[in-house]
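Engineer: Handing you this structure, nothing more for now.
The values are calculated or read from the model by the stated rules, or taken from the named source; none is laboratory data. Since the model is a prediction, treat every value here as computed from it, not as a measurement. Virtual Cβ from ideal backbone geometry, glycine too; neighbours counted across all protein chains shown.
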């Protein structure tokens, strides 16, 4: 397997005795391979188990102008990872308002004909039939792709609607709910608004014609993505989020279980999606995972509820699928710890 040049490995390394040297070497090796294969300028990762940090570091460059290195605290736009937080906030608010997840969207948006048949559950589980906007239609007016609950289709529209419902439940912008959540969990590098002056920010890149083309994030992109993808964070904060969620510091166990449960369709067929998470089975272990892609950036995070393992990988590479990399890392750390030490 290929190895990165020494300059790519110059970022600080944090390692605790709970990780073996062989595990660290395996992670470095697979990251090196993926970065070279997919032309990734910079990447940051963090791996924890039940809040104990096993490995956290950066690779490559967060900004090629001046050769600024990436580290574990480098900030990147992480796109759809915000869906996990929106889902958690909706569940928390519905509980406090004594609302059922079977409540129709028409309770908040009676102006849309489809809102009478689409429920909160349908939106959370991506089973509503709402289509993402394209050049000719918008989700507000487009007909449903299917009868809610009878099929599954990933659509940002589901979480755009949830963001608007969250605003009505809290009487505040949806960003305020996420900001309060981040503050409560000490996620100090996690924000819903683009900050061009953030310290240790990564610049986005697209590999084209044998060179990297800069694709810096812009405020208007965050406004467009809204509650379906407007989030920036770092690897440290993302594993803290996953651990806090798993430990019951965000939601009661019953609601957390719903987030990481494979939600079936009405005919009983499993959808492979929970609430804000894809539900995977990797090497016999259930994993809650989600990727996020924004122009110039790619991210992925994963949680193993059965052993408390949390992995986050963020990069300044355009539209790279990091799921296989996270899968490999989960396997490296879960191989000998299956069904032990569930979130505590």
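Engineer: Of all residues being more than 21 Å from the chain's Cα centre (by Cα) and at pLDDT below 95 in region 192-208, which is nearest to residue 67 (Cα to Cα)? Just the residue, please.
Structural biologist: Here the residue is 199.
Results for (1) surrounded by 24 or more Cβ atoms within 10 Å (Cβ to Cβ); (2) more than 11 Å from the chain's Cα centre (by Cα); (3) closer than 17 Å to residue 37 by Cβ, shown as yes or no for each residue.
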{"residue": "281", "(1), (2), (3)": "no, yes, no"}
{"residue": "285", "(1), (2), (3)": "no, yes, no"}
{"residue": "295", "(1), (2), (3)": "no, yes, no"}
{"residue": "302", "(1), (2), (3)": "yes, no, no"}
{"residue": "317", "(1), (2), (3)": "yes, yes, yes"}
{"residue": "324", "(1), (2), (3)": "no, yes, yes"}
{"residue": "327", "(1), (2), (3)": "no, yes, yes"}
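Engineer: Another question, if that's okay. Looking at region 137-145, is at least one residue buried (at least 17 other Cβ atoms within 10 Å of the Cβ), more than 21 Å from the chain's Cα centre (by Cα) and within 29 Å of residue 312 (Cα to Cα)?
Structural biologist: No, region 137-145 contains no residue that is buried (at least 17 other Cβ atoms within 10 Å of the Cβ), more than 21 Å from the chain's Cα centre (by Cα) and within 29 Å of residue 312 (Cα to Cα).
Engineer: Something else: Inside region 226-243, can you point out the residues that are farther than 14 Å from residue 288 by Cβ and either in a helix (DSSP H, G or I) or without any contact (Cβ under 8 Å) to a residue 24 or more places away in the chain (or both)?
Structural biologist: 226, 227, 228, 235, 236, 237, 240
Engineer: Moving on to the next point. Looking at region 230-263 only, could you name the residues that are on the phi > 0 side of the Ramachandran plot and under 13 Å from the mean Cα position of the chain (by Cα)?
Structural biologist: none
Engineer: Still on this structure, I have one more. State which residue is nearest to residue 256 (Cα to Cα) when the search covers only region 116-136 and only residues that are touching a strand residue (DSSP E or B) at 6+ places or on another chain (Cβ under 8 Å) and surrounded by fewer than 17 Cβ atoms within 10 Å (Cβ to Cβ).
Structural biologist: Residue satisfying both the conditions and the ranking: 117.
Engineer: Please state which of the following conditions residue 43 fails to meet, knowing it meets all the rest: (1) more than 28 Å from residue 222 (Cα to Cα); (2) in contact with a helix residue (DSSP H, G or I) (Cβ under 8 Å, 6 or more places away or on another chain).
Structural biologist: (1)
Engineer: Another question, if that's okay. Residue by residue through region 310-335, note down the ones that are closer than 21 Å to residue 75 by Cβ and not in a helix (DSSP H, G or I).
Structural biologist: 310, 311, 312, 313, 314, 315, 316, 317, 318, 319, 320, 322
Okay, residues lined up against (1) over 30 Å from residue 148 (Cβ atoms); (2) modelled with pLDDT under 95:
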{"site": "190", "(1), (2)": "yes, no"}
{"site": "210", "(1), (2)": "yes, yes"}
{"site": "235", "(1), (2)": "yes, no"}
{"site": "265", "(1), (2)": "no, no"}
{"site": "271", "(1), (2)": "no, no"}
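Engineer: Starting from region 108-128, take each residue that is free of Cβ contacts under 8 Å to residues at least 12 places away in the same chain and list its partners that are in a helix (DSSP H, G or I), counting only C-beta distances under 7 angstrom and pairs at least six apart or across chains.
Structural biologist: 115/105; 115/106
Engineer: Moving on. Just to verify a result, which residue in region 209-220, among those that are surrounded by fewer than 15 Cβ atoms within 10 Å (Cβ to Cβ) and not in a loop (DSSP other than H, G, I, E, B), is farthest from the chain's Cα centre (by Cα)?
Structural biologist: Only one residue tops the list, namely 211.
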